[in-house]
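Student: This structure is in C-alpha cells; I'll ask about it shortly.
Nothing in this text is a laboratory measurement; each read-out follows from the coordinates by a stated rule. In this text, all values refer to a predicted model and were calculated from it rather than measured experimentally. Cβ coordinates were reconstructed from backbone atoms using ideal geometry, including for glycine residues, and neighbour counts include every protein chain displayed.
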Amino acid sequence: MQRHGDAWSPARSLARWCAHARRALRATPTITTVPRVPPPPAPQHPDALPSPRIRRADAVDLDALVALEERVFRHDRLSRAQFRRHLDSDSALVLIAKEDGRLLGAAVVFFRRRAQVARLYSLVTAPEARGRGVGTALLEAAERAARVRRCRTLRLEVRTDNRAALRLYETRGYRHLVHRPGYYEDGSDAHRYEKPLR
C-alpha cells in the first residue's frame with residue numbers, strides 16, 4: 001500500500017524539474033563574449049624603409065643642392081656657380097638621393113680624360129637621413145659610374161675627425177694612403193683613401 005505523500009504526480013514532477021532548472025541557471029556563471037581586436041602593427045624598422053632613388057642631378061636640383069651644402073658644411077662649401085658648372089661638365093658627375101621630392105644626399109665625382117683614377121670630391125647626407133644607408137647608396141653609385149668610365153681606382157679625402165665617414169669607407173674596402181695636414185679651409189687634417197675597382 002502506498003502513502004498519499006509518496007504518490008507520483010505528473011504535475012508535481014514537472015514543477016520540481018522546472019525548479020531544479022531555475023536553480024541550475026542561477027548557479028551558472030554569466031559568460032561575456034569579448035570581441036577579438038587585432039594587435040597593433042609592429043613599428044617599422046628603419047632598415048625596412050624604402051631606399052631613396054639615386055640619379056644624376058640636373059638643373060632643377062640646383063637650389064636643393066645649394067641648400068643642403070649650406071646646412072651641412074661650415075667650410076669648403078661648393079658654391080651655386082660651382083654646382084652649375086659641374087652639372088654641365090663632362091668631367092664631373094653630381095649624384096643625388098631623393099625620396100618623395102626631398103633631397104637626402106649628394107655626391108660629386110670628378111674624372112680626368114684618359115686617367116684611370118676617379119676622385120670622390122664630396123659625399124653629403126642630410127642630417128635627418130643619416131643611418132638609413134643613403135651614404136652607402138651614393139658611394140656605390142659613384143663606384144659604378146667610375147667603372148663605366150673604365151676607371152680602376154676611386155680616390156677621396158676625408159676629415160680625420162669624421163668617424164662616421166671613416167667607418168663607411170673602411171667597411172667598403174677603402175685603404176688609407178696618406179695623412180694630409182691642414183688640408184681643409186679651416187685647417188683640419190685629412191686622410192686620403194682609395195679603393196681598387198674590380
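Student: Shape verdict for the stretch 43-122, please, from the Cα gyration tensor: rounded (a/c under 1.5), prolate (a/b greater than b/c) or oblate.
Tutor: Because a/c hits 1.5 or more and a/b exceeds b/c, the stretch 43-122 counts as prolate.
Student: Now for a separate question. I need the chymotrypsin sites (Phe, Trp or Tyr not before Pro) found in the stretch 64-140, filtered to DSSP loop residues with at most 15 other beta carbons within 10 Å of theirs.
Tutor: Answer in residue order: 73.
Student: Report, to two decimal places, the Cα Rg of the stretch 54-196 normalised by 2.2 N^0.38 Å (N = number of residues).
Tutor: Scaled against compact globular proteins, the figure is 0.99.
Student: Using a Förster distance of 30 Å, how high is the FRET efficiency between residue 188 and residue 82, based on the Cβ-Cβ distance and rounded to 0.05?
Tutor: Rounded to the nearest 0.05, the efficiency is 0.90.
Student: How long is the stretch 123-198 along each principal axis, judged by its Cα atoms, biggest number first, in Å?
Tutor: Dimensions of the stretch 123-198 along the principal axes of its Cα atoms: 35, 31, 20 Å.
Student: How far apart, in nanometres, would the label points at residue 51 and residue 198 be if each is projected 7 angstrom from Cα along the Cα-to-Cβ direction?
Tutor: 2.0 nm
Student: I'd like the distance separating the alpha-carbon centroids of the stretch 140-198 and the stretch 51-67, in whole Å.
Tutor: A separation of 22 Å, based on Cα centres.
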